[in-house]
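I have placed the structure first, in the form of structure tokens, so that the comments after it can refer back to it.
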Amino acid sequence: MTPLAPAQHPWSQRRPAAPLLILLPALVLLPLAAVLPAVVHGGGWELIGQFAFAAITPSGDPVLLASALRGLGVTVAVALLGWAVSLALGLVGGVLSSRTVWRTMAGRVWPAGALRRLLAIPRSIHELLWGLLLLQLVGLQPAVAVLAIAIPYAALVARVVSDLLDALPTAPLEALRAAGAAAPAALLTALGPALLPGVFSYGGYRLECALRSATLLGVFGLGGLGTELRLTLQSLQFHELWTCLWLLLAVMLLLEGLVRLLRRRWGMPGRFGLAAGAVGSRGRELLLATLALLPVLLLLALALGVNPAALLVVQALPPFHPDWPAVLALPWGAMVASTLLLTLLAAALAVGVAPLLLLLVAPWPWGRLLLQGLWALGRLWPPPLTALLLLFVLKPGLITAALALAFHNLGVLGRLLLEAADAAGGGAEAALRCAGCGPRLALFYGRFSGLSRSYLAYGAYRADVILRETVVVGLVGAAGLGTLLLEALSSFAVDQLLALVAVYAALTLLGEDLSDRVRHRLLAA
Amino acid sequence: MAWPALSVSWPASEIPPFFLMSSPFRRPVLRLRERSTAVLAGLAMLLLPAVLPPVTPAAAPLLPGAQAQQKLLRISAIPDQKPETLNRLYPLLANELSRSLGVPVKYVPVTDYTAAVSAFRRGDLDLVWFGALTGVQARLQKPGARVIAQRDIDASFQSFFIANTASGIKPIANQKGLSVLKGKRFTFGSESSTSGRLMPQYFLGQAGVRLSDFAGGAPGFSSSHDATIALVQSGAYQAGVVNEEVWQSNLSSGKTDPKKVIVIWRTPGYANYHWLAQPNLDQRFGKGFTARLQSTFVNLRASNPQQAQILDLFGAKRFIPATPRLYDPIEKVGREIGKIR
């Protein structure tokens, strides 16, 4: 191919139009449709039927209800505690890794960068891995699940807080400093109030994530309703399963509703979208809510039996006979490749299918409700359990694992897309409708075209999350590093375990860097 | 990562009055409402310790370190059966042990094989009903642990290979015949199960079947024997392997449909489940405690209605003393397959 000057390059003129951009990831459906028939074995359609039927006939056994409610309590408590600890630690970490803060306080910025890089390590390890590792380190105690959520989440919050801080305009800060204010006071006054809306908005989102993480940790035996979900699924007690599931769904929707309400009431910006919110004007309410949360958290910690002192007692580790040549001989290349393929497939599916489905159901008033219900289930239902369910009709392997991950993330992405579309205002869409456009085209050009770049940018971030999450679908077999991880855990192969964690961390750090670049390009264009 | 929010910036004019009020650059002209909020908040913080019940270490159900629970015998079991069965079985057993040994006994449910082994290593559990493989793993991680007893049926335990009738797999005459399973959808039980994974994998290997020979390039892990039967019967997997005991009980309870799922081969016998106790029970509960523990199990009799119920739930006629040597072959197989290192 003859090299062309950038301006004449054919691709630069043939960039897909903005509205089309949002549908590009959905192209992955074509190859998927081609290979899916080979993956279906269809042996267990009867079981799928029973599972679906049980949704409308959940068990009302009081013994089960009592144990499900107890499990739910544990899950919610773990989520709340993990979230609160992560928020507190994350705020401190965020301030400590902010360039602006270091420049103002000490006149140099390199410690901020160093700390930021250091915080990348806890962040790169999925909460499930933290949970399983901590289980080996400090034993089976309620604090393990809380800590497993708090550690990676704190690092995430710290990153976001420092990004937010460094993006704030510095003029007020400089003005205060010039007027002679001391550095800490100037920072607090100039940046504190401006930072809050972003932090609260993100904090609300993290709380929703924490509930999902707590459920997932339960699936792997760390207590709570997740454990019940897995046990009932594995013993095929679908009626009992749905009792637990409906309870969890109710709590999740309640929590999401509450977060949405508070976000609107306190005037926080949405997570992504075009309308930036105004700064909250109900500071007193906010402060009181925060204060009221403290005793609630302490009571929860007591009820759960969290004992911080017990965390310090590191117990005997399994005997360690490292066999590094054997570890090196593992098929790393193939495992990493299948992990990456799994990530891409799941991410493209989740990102692409959400707008496609919204377009498909656009003409029908109930279609949207149906989708919202489906997405809520997707968010709620941990991916390893989707994978187990899919195994009834699909062969184990990469496709099955990807579908399970995609379904979960579709639930998250779909809701965000819908929220952003609603917040974008319907002027353009209404105008198109009046001009005689069909409902699908009006939605497509009227709403989606403005959102497509920020949606895809969010999708790039989500791909990064999915890469971390691939570890949870190891149950399905043949799904890259996750499968080996579960095997290494049950063999107490510490050397393999260490190598796997290191590879996972390296992969997610690389993935994070890549998705950052993609996102910046998308948002810059 | 980073949070993909659009760049967040707020004009200074939008800074809320509340925060300006509390800033150090204005005179603190707190209006009445702000002041009352501040007082209320301060009071709330002050009263906080009062509303909290005192923190007691007993609040933690599973404290690491045996010294924390000197006089409580904590028993548990690997979760290889339906949880509802275990939850019925163990309170009964805890009562019986407590009565016979004169110490409080508590059943601690554990949801994962690996977690059971780890908890035993750390001394969080005193007496655990392990499978052969998990028992050996636990003993290697906790030197000095005492093998107490096994059931009469554990001396020569068998696994059954089963198949869905629609799969076309027929019963096979000898071990070499296991090669018919190549290319089939096949599931084990749990990764760490002796009868649902370890020994079957060993016998499969002797017949030349590797794990990558199954459809999809890997076997499934159903996690329990009951699930294996249900999945093979449904056709989700064409074949699988279960322990003889669970197969018999599913067959006699009518849960298994012999028209849909059949046994194709029975493995040779091997030693399986056993009770494993911490090495320090005599120091904690008094001299001879471990011996009394063993005789309590061995002396469970079907003639006593209470004990009959326990034996029945365990699927045993009686318990017999067991020694570590019985499990040497399991350890050897475990090392060959890589489950013991």
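For labels at B:Arg301 and A:Leu24 in the simple 7 Å Cα→Cβ model, what's the distance in nm?
Inter-label distance under the simple model: 8.1 nm.
Note down the net charge around B:Ala119, summing +1 for each Lys or Arg and -1 for each Asp or Glu among other residues with Cβ under 15 Å from its Cβ.
+3
In sequence order, what are the phi-derived ³J(HN,Hα) couplings for the range A:457-464 according to the Karplus relation 6.51 cos²θ - 1.76 cosθ + 1.60 with θ = phi - 60°, rounded to whole Hz, with x for glycine and proline?
Rounded to whole hertz, the list is 4, 5, x, 5, 5, 5, 4, 5.
Applying a 10 Å radius around every beta-carbon, put A:108-121, A:322-335 in order of their mean neighbour count, most first.
Values: A:108-121: 14.9, A:322-335: 12.1.
Packing proxy ranking, top to bottom: A:108-121, A:322-335.
Taking 0.36 nm per residue of separation and subtracting the Cα-Cα distance, what length does fully extending A:Arg433 through A:His520 add?
Full extension of this stretch gives 28.0 nm more.
Excluding A:Ala442 itself, what net charge comes from residues whose Cβ is under 14 Å from its Cβ, given Lys and Arg +1 and Asp and Glu -1? Walk me through the numbers before you get to the answer.
Working: positive: A:Arg433, A:Arg440, A:Arg447; negative: A:Glu429.
Taking every other residue near A:Ala442 into account, the sum is +2.
For B:Lys142, give me every one of the lysines with a C-alpha distance below 20 angstrom, ignoring sequence neighbours fewer than eight places off in its own chain.
Counting by Cα, and skipping residues close in sequence, B:Lys142 has these lysines nearby: B:Lys332, B:Lys339.
Peptide B:210-219: average number of partner chain Cβ atoms within 10 Å per residue?
The shielding value for this peptide is 4.
Quantify how strongly other chains surround peptide B:112-124 by giving the mean number of their Cβ atoms within 10 Å of each of its Cβ atoms.
6
Can you return the lysines within cross-link range of B:Lys259? Criterion is Cα-Cα under 20 Å, with same-chain partners fewer than 8 residues away left out.
B:Lys259 reaches B:Lys170, B:Lys184.
Within the set of other residues whose C-beta is less than 13 Å from the C-beta of A:Trp246, count the net charge using Lys and Arg as +1 and Asp and Glu as -1. Write out the running numbers ahead of the final one.
Numbers: positive: none; negative: A:Glu228, A:Glu240.
Here the charged neighbours net out to -2.
Let me know the Kirkwood hydrodynamic radius for the protein assembly as shown, please, with Cα pairs as the basis and the value in Å to one decimal. Walk me through the numbers on the way to the answer.
Values: mean 1/r = 0.0339 Å⁻¹.
Its Kirkwood hydrodynamic radius stands at 29.5 Å.
Can you tell me how the range A:138-241 classifies by the Cα gyration tensor, rounded, prolate or oblate, using a/c under 1.5 as the rounded cut?
It is prolate, given that a/c is not under 1.5 and a/b is the larger ratio.
Highest mean first, what order results for A:242-250, B:93-101 on Cβ atoms within 10 Å?
A:242-250, B:93-101
Mind ranking A:394-400, A:87-93, B:254-260, B:310-316 by how tightly packed they are, going by the mean number of other C-beta atoms within 10 angstrom, highest first?
A:394-400, A:87-93, B:310-316, B:254-260
How much of the DSSP beta bridge set in the protein assembly as shown is antiparallel, as a percent to the nearest 5?
So the antiparallel bridges in the protein assembly as shown amount to around 70 percent.
With label points built 7 Å along Cα→Cβ from the Cα atoms of B:Ser253 and A:Trp110, find their separation and express it in nm.
Inter-label distance under the simple model: 6.8 nm.
Working from the alpha-carbon coordinates of the range B:159-266, get Rg over Rh, Rh being the Kirkwood radius.
Working: Rg = 12.2 Å, Rh = 13.2 Å.
Here the Rg-to-Rh quotient is 0.92.
Output the relative contact order of chain A, whole-number percent, from Cα pairs under 8 angstrom with separation of 6+ residues. Could you put the intermediate results ahead of the total?
Values: 705 pairs, mean separation 108.7, N = 525.
Dividing the mean separation by the residue count of chain A yields 21 percent.
Near the amide H of B:Thr187, under 5 Å away, which other amide H atoms are found, from residues 5 or more places off or on another chain, if H is placed in the peptide plane?
Long-range HN contacts for B:Thr187: B:Gly220, B:Ala239, B:Gly240, B:Val241.
For peptide A:488-497, how many partner chain Cβ atoms fall within 10 Å of a residue's Cβ, on average?
For peptide A:488-497, the averaged partner shielding equals 5.
5 Å is the cut-off here: which amide hydrogens, built 1.01 Å from N in the peptide plane, fall below it relative to B:Ala77, excluding neighbours closer than 5 in sequence?
Hits under the 5 Å cutoff: B:Val110, B:Trp129.
May I ask for the equivalent-ellipsoid semi-axes of the range B:121-194, computed as the square root of five times each C-alpha gyration tensor eigenvalue and listed largest first in whole Å? Please report the intermediate quantities before stating the final value.
Working: eigenvalues 245, 41, 22 Å².
Whole-Å semi-axes of the equivalent ellipsoid: 35, 14, 10.
Report ³J(HN,Hα) in whole Hz for each residue of the range A:109-125, in order, from the Karplus equation J = 6.51 cos²θ - 1.76 cosθ + 1.60 where θ = phi - 60°; Gly and Pro get x.
Once rounded to whole Hz, the list reads 10, 4, x, 4, x, 5, 5, 4, 5, 5, 5, 5, 5, x, 5, 7, 9.
What is the antiparallel percent of DSSP beta bridges lying wholly in the range B:159-266, to the nearest 5?
70 percent
Counting residues in the range A:25-90 as N, plug N into 2.2 N^0.38 Å and put the Cα Rg over that result.
Computed over Cα atoms of the range A:25-90, the ratio equals 1.91.
All of the numbers you see were taken from the coordinates with simple rules; none came from a lab. These numbers come from a predicted model, not from an experiment. Glycine gets a Cβ as well: all are built from the backbone with ideal geometry, and neighbour counts include every protein chain shown.
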